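See structure below.
The values are calculated or read from the model by the stated rules, or taken from the named source; none is laboratory data. Here the structure is a predicted model, which means the values were calculated and not measured. Reconstructed Cβ throughout: ideal geometry from the backbone, glycine too, with neighbour counts over all protein chains shown. We work out accessible area using only protein heavy atoms, side chains counted, and drop any ligands, DNA or RNA first. Shrake-Rupley method; radii C 1.70, N 1.55, O 1.52, S 1.80 Å.
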Amino acid sequence: MKKILLALVTAAITWLAFADDLQLKNDFPESYVVKKGDTLWDISAKYLKNPWLWPKLWQSNEQVDNPHLIYPGDKLSLVIIDGVPQLVRKPMVKLSPTVRVVDKKDAIPTLPTAYIRNFLTHQQIIDEDLLAGAPRVTGGADLTRRLTSNMEMYARGDNLVNGRLYGVYRKGNHYIDPETKEDLGTEAVLVSVVKTEDIQKVQIGDAEDGKTFDLASLKVVQVEREISPGDYLLPLDDHELPVYFQPHAPGALVDARIIDSSRKTRALGKFDVVVLNKGARDGIDPGMVLDARRDGATVLMKDKVEYKEDASVFDRWFSSNKPSEVTVVQPSEAIGHMMVFRTFDKLSLALILKAEKPIREMDTATNPE
């Protein structure tokens, strides 16, 4: 009964103010105890029809300075304050009158980190100019072309640092914008992580020329796949894994396309990582929530009504010359949600969080409804 009354009060008082913004689910829980393994997205989905709007549930809440810092054991309850729904938090454990000390690392993350960890900790998309001067693996000691742990191997380059960790990368896909044909960058596939040891200066040509390069012995620290001669070395940034994102809708119109995916499969679903053909220069930033949309089919309206893809070459050519007379483009449909978690200059990476239908390459990523 209490839940019914709360739902009625919420609907009556806040519907007009939040009809186009914050909408509570009909079956939201009266309270919820945070468990290990939860994410902020999971919890907000229990209360909101649009989970990315959860920061609004915490606005003007004096109990919480940072809504990202929610911990296992916290009890969340929904209340109505001045006609506005709010989540309040109380820890389940009884505390003595002392300062509660918690480790930020214990707070639950925004997204399930298992699916995005490698994409956050290692560079994935690079400019060709970066590789032009990068050190490269020269090979092993015994002419082996497939190198792995416990094998002697070397790399040549300039300004290698002894004892530093480097990612060993191999060129992957080269991205071209499907609409503008602009060069967007190259995928860098992590092969292994190595540590440089015993760097030597090797002379090039005559001594009076003074030209040298660094030759380093490599110790394999982490293996993703076998190393090959010619693979590139890029220094690994020493930074803490960012797992907290402020979810938000775009401030302007976004019209991006999915041009690749981590699994390289035709049908994509929940927790798949996708590559978008828009990046930081286009106003895309981490935490941005986008809808995945499928373009509507084009129908040829002649004596025979058929999809353009099924029509003959002649009919398709004829329709392209007189589109307004014989073609109908049906509306697009929303098929899922995604959140951007990493951006590059011209590209960005997003995690699919909901898929009502299989999502495919060339589907649109745009402003959420």
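When you check A188 against the structure, is it under 22 Å from L349 (Cβ atoms) and touching a residue at least 60 places away in the same chain (Cβ under 8 Å), yes or no?
Taking the combined requirement at face value, the residue satisfies it.
Residues in segment 148-157: is at least one open to solvent by 90 Å² or more (accessible area, probe 1.4 Å), of a type outside the set (A, V, I, L, M, F, W, C) and outside any strand (DSSP E or B)?
Let us first name the residues in segment 148-157 that are open to solvent by 90 Å² or more (accessible area, probe 1.4 Å), namely 150, 152, 156.
From the residues that got through so far, the ones that are of a type outside the set (A, V, I, L, M, F, W, C) too are 150, 152, 156.
Add one more test, that the residue is outside any strand (DSSP E or B), and what stays is 150, 152.
Yes, the conditions are met somewhere in segment 148-157.
A quick yes/no check of all residues on (1) part of a strand (DSSP E or B); (2) at pLDDT 95 or above; (3) open to solvent by 50 Å² or more (accessible area, probe 1.4 Å); (4) farther than 30 Å from V137 by Cβ:
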position: T180; (1), (2), (3), (4): no, yes, yes, yes
position: T196; (1), (2), (3), (4): yes, yes, no, no
position: T212; (1), (2), (3), (4): yes, no, yes, no
position: V221; (1), (2), (3), (4): yes, no, yes, no
position: L234; (1), (2), (3), (4): yes, no, no, no
position: L241; (1), (2), (3), (4): no, no, no, no
position: Q246; (1), (2), (3), (4): no, no, yes, yes
position: K264; (1), (2), (3), (4): no, no, yes, no
position: V275; (1), (2), (3), (4): yes, yes, no, no
(message) All but one of (1) modelled with pLDDT of 95 or more; (2) in contact with a helix residue (DSSP H, G or I) (Cβ under 9 Å, 6 or more places away or on another chain) hold for I176; state the number of the condition that does not hold.
(response) (2)
(request) For K36, state whether it is assigned to a loop (DSSP other than H, G, I, E, B), out of contact with any His (no Cβ under 6 Å at 6 or more places or on another chain), modelled with pLDDT of 80 or more and surrounded by fewer than 17 Cβ atoms within 10 Å (Cβ to Cβ). (result) yes
(message) Restricting to segment 339-359, and then to whatever is assigned to a strand (DSSP E or B) and farther than 17 Å from I116 by Cα, can you tell me which residue is least open to solvent (accessible area, probe 1.4 Å)?
(response) I359
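Would you check which residues across segment 1-33 are of a type in the set (G, A, S) and either at pLDDT below 50 or part of a helix (DSSP H, G or I) (or both) and list them? Lay out the reasoning, then the answer.
Here is the first cut: in segment 1-33, the ones of a type in the set (G, A, S) are 7, 11-12, 17, 19, 31.
Once the filter is applied, which keeps residues that are of a type in the set (G, A, S) and either at pLDDT below 50 or part of a helix (DSSP H, G or I) (or both), segment 1-33 yields A7, A11, A12, A17, A19.
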(message) If I go through segment 112-146 residue by residue, how many of them are more than 19 Å from D231 (Cβ to Cβ), surrounded by 12 or more Cβ atoms within 10 Å (Cβ to Cβ) and without any contact (Cβ under 8 Å) to a residue 40 or more places away in the chain?
(response) 0
